[in-house]
Amino acid sequence: MFENMFSHQRFEDDNDFLPLFSVDEEGDEHSMESIPEYLPILALKNTVLFPGIVIPITVGRDKSIKAINKAYNDDKLIAVLSQKESKVENPKQDDLFQIGTVARILKLLRMPDGTTTAILQGRRRFQLNRMQQEDPMMEGSISELEHFEPDNKLEFEALIASILDRAKQIIELSPNIPSEASVMLKNINNQSFLLNFIASNLGSKVSIKQQILEIDHLAEKGKMILKQMNSELQLLELKDQIENKVRVDIEKQQRDYFLNQQLKTIQEELGQNPQEEEINKLGLKAKDKKWPEVVAKTFDKEIRRLRRMNPQVAEYSIQLSYLELLIDLPWEEFTEDNFDLKKVKTVLDKDHFGLEKVKERILEHLAVLKLKGDMKAPILCLVGPPGVGKTSLGKSIAQALDRNFIRMSLGGLHDESEIRGHRKTYIGAMPGRIIQSLKRAGSSNPVFILDEIDKVGKDFRGDPSSALLEVLDPEQNGTFYDNYLELEYDLSKVLFIATANSLSTIQPALLDRMEIIHISGYSTEEKVEIAKRHLIPEQRKEHGLKAADVKLGKRVIQKIIEEYTRESGVRSLSRQIASVMRSIAKKVAMEESYEVSVKADDLYNMLGPTRFNKDIYQKVPSPGVAVGLAWTQTGGDILFIECSLNKGKGKLTLTGNLGDVMKESATTALSFIKANTELLQISEDAFDPQDIHLHIPEGAIPKDGPSAGITMLTTLASAFTKRPVRPYLAMTGEITLRGKVLPVGGIKEKILAAKRAGMKEIILCAENEKHVKEIEPDYIKGVEFHYVKEMTEVLELALT
């Protein structure tokens, strides 16, 4: 606050001048000096002149120089007004405050550089009545303003005392204000001048100082000044607290440093050095370690560097962590594989029912490994719907091979550094998750599950799937480079097994490096076996029940599968069995009597009403309705396709949230029917007066693909010929304008869905026959297959 009054710098162009010093009360506004009615006007920037205060200014503007010269040549009095905005270079009356201070020019100095410096002494306040002229200088009519003395003298005295106390506190807290300033304030006897002196030295904005200048009542002016001083004092106290806190923190750091140095000296005197002991332990571990020569050289080099480091520096802990990682990694450490192939097959069959392709591939790999003695591990990718046991299969493979097991979830991974690690130069640097997982595994040939590889993300931090290209390439992963490790690590003996629900989101280059094994959904028969062998014993154990407490027969399990679940896997089935176990556990805990063998009728009380009912698929449909087969990520499903004919102009309307490919199939089917009206015994006039509406229910679910082609053809033909589609018949296949039926994918899932829905006949393309033969005959027992090549064959089979 008061540091301004001890400043001796000069201010240029009427810009930033501040009070240099103050005069005694003899020069204040109560002087009997007469003030003329008309005076030259000087505009000031960035400050306010108060009565009794002396300031030096360097005058730069032409108008200001002319006003100063005229006033100095006349009676040395000039009217000083502050500008509202300091940026205005040529101020008018509206740009100035209307209340200012009449000043006496004590001295006018011509400087060697050609500028003019004036020393002004504030005399009395005035009100600008009107501006007489603005060019070549400002001149105006003014009237003097007087102060009103306070009514309550005692209260005013107390106010002045408070102001002096605040001023003293501010002086004590401000390092730039000398202590003599307190003595100067005590020697000011005139209360009005004291207020002006303190107001002039406040660090407030020009607008605030102007408000103080305009106040007529001394008591009100004192209150305004005290308010501003309180704000300044709070700011100074906060600043002082921050500086003290910083000072204390620095002192604590210095104290800790000295104590650590003393502790180090004492330990050295006693022959104790924890850091040296830790380094020696690392050295002893390294002697027993079997690792490549290049790793041994790196370790020796880095441990020598660690010995030279000061334990107090941040790099010491980073270097120590790096050396510990080198020691902990299983360099050239391998578990011995179990080459008893029959035992391996037994373990795999025991843990997982079905999944024959995967088991066969693992046995083939082991057979070659047994004969050759050394072989690069294959990179397998298991693709299938959720809940079919892809992840748990990896654990079973590890158990069967007597290898360690590691699982790494890739779902939602966005940062490439998660795979390759961070460089040691970064704070908080860590090795990638591949190296971390091998450290946990404790061997260099574990079974490594890369879960949900199809859900790897990509953003500004890099593309993790591109980083996986090196990991999953048998030709490259023998020299995998981790940014943190800064050494090559051999991953060629690791058996990587990736899992995915869909191949569409996997990068093509990554897909090319993996051996794809498709895992289809389970049939009802397979689910029954899985429930009996795995799910029921597991849930019984989870709920604290014994084998004698509950029994679920095949008929009950089948009812749960068909009427309470609809999925390719067995996760939902496991949850429903858990609900049954909880119901039984409650009765056992409450010592209620119950039937140990759960009956089909008991399921309503345990699981509620049935959620799915296959009876709706067994009804004989009316003309214009056919049943198609669809593939989804959760397995297969049946699809109703409906058609209605209405009076109109032959327009085709497609609804049910269909994709472009599906719409094209409908257009192709209609074009084929129009081109073969004679063959199908349809009148040509049947198309013109009628609009055709083709709808597939469950419109909230997007649908696309060509496999509904023959179903749409059958639906349209049924509607035009008025011949209903044979009951219990489902179909799938792509169509062409030439009347050919083309093969489609997802055959196993679609057939199992049809079987679950109670279908008895299925129409397929002749080329799909080979896919049907891959399905276990027992699972499709009771279903008759019709293989076709021509679209006309479909209509002959489908329409009654």
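Before moving on, here are some points about what is shown:
- The lone criterion from (1) out of contact with any Gly (no Cβ under 7 Å at 6 or more places or on another chain); (2) modelled with pLDDT under 90; (3) not polar (S, T, N, Q) left unmet by residue 762 is number (2).
- Count of residues meeting criterion [farther than 19 Å from residue 445 by Cβ, in contact (Cβ under 8 Å) with a residue 60 or more places away in the chain and outside any helix (DSSP H, G or I)] in segment 339-388: 11
- Some residue of segment 117-134 being open to solvent by 10 Å² or more (accessible area, probe 1.4 Å) and assigned to a helix (DSSP H, G or I): no
- Per-region count, segment 413-461, residues farther than 25 Å from residue 493 by Cα, open to solvent by less than 30 Å² (accessible area, probe 1.4 Å) and not hydrophobic (A, V, I, L, M, F, W, C): 1
- Any hit, segment 761-768, residues being in contact (Cβ under 8 Å) with a residue 24 or more places away in the chain, within 19 Å of residue 682 (Cβ to Cβ) and not aliphatic (A, V, I, L, M): no
- Only one entry in 123, 130, 110 is among the basic types (Lys, Arg) and closer than 27 Å to residue 188 by Cβ, namely 123.
- If the condition is being outside any helix (DSSP H, G or I) and either in contact (Cβ under 8 Å) with a residue 12 or more places away in the chain or of a type in the set (S, T, N, Q) (or both), then segment 214-252 contributes 216, 217.
- Evaluated against (1) free of Cβ contacts under 8 Å to residues at least 40 places away in the same chain; (2) open to solvent by less than 50 Å² (accessible area, probe 1.4 Å); (3) under 20 Å from residue 658 (Cβ atoms), residue 742 falls short on exactly one condition, (2).
- Members of segment 582-603 that are farther than 21 Å from residue 554 by Cβ, of a type in the set (A, V, I, L, M) and either surrounded by 14 or more Cβ atoms within 10 Å (Cβ to Cβ) or at pLDDT below 85 (or both): 585, 588
- The residues in segment 752-779 that are among the hydrophobic types (A, V, I, L, M, F, W, C), in contact with a helix residue (DSSP H, G or I) (Cβ under 6 Å, 6 or more places away or on another chain) and under 22 Å from residue 356 (Cβ atoms) can be counted, and the count is 1.
- Scope segment 674-703; condition of a type in the set (D, E, K, R) and either touching a strand residue (DSSP E or B) at 6+ places or on another chain (Cβ under 7 Å) or farther than 18 Å from residue 643 by Cβ (or both); matching residues: 678, 684, 685, 691, 703
- Criterion (modelled with pLDDT under 85, within 51 Å of the chain's Cα centre (by Cα), in a loop (DSSP other than H, G, I, E, B) and farther than 14 Å from residue 695 by Cα) met by exactly one of 649, 619: 619
- Counted as qualifying within segment 479-577 are the helices (runs of 4 or more DSSP H) with 2 or more residues that are touching a helix residue (DSSP H, G or I) at 6+ places or on another chain (Cβ under 6 Å) and more than 27 Å from residue 359 (Cβ to Cβ), namely 554-564.
- Single residue of segment 171-200 satisfying the filter (open to solvent by 90 Å² or more (accessible area, probe 1.4 Å) and under 58 Å from the mean Cα position of the chain (by Cα)) that is farthest from residue 244 (Cα to Cα): 176
The values are calculated or read from the model by the stated rules, or taken from the named source; none is laboratory data. Since this is a predicted model, take the numbers as computed values, not measurements. Glycine also receives a Cβ, built like all others from the backbone with ideal geometry; neighbour counts cover every protein chain displayed. Please note that ligands, DNA and RNA were not included when accessible areas were found on the heavy atoms of the full protein model with its side chains. Shrake-Rupley method; radii C 1.70, N 1.55, O 1.52, S 1.80 Å.
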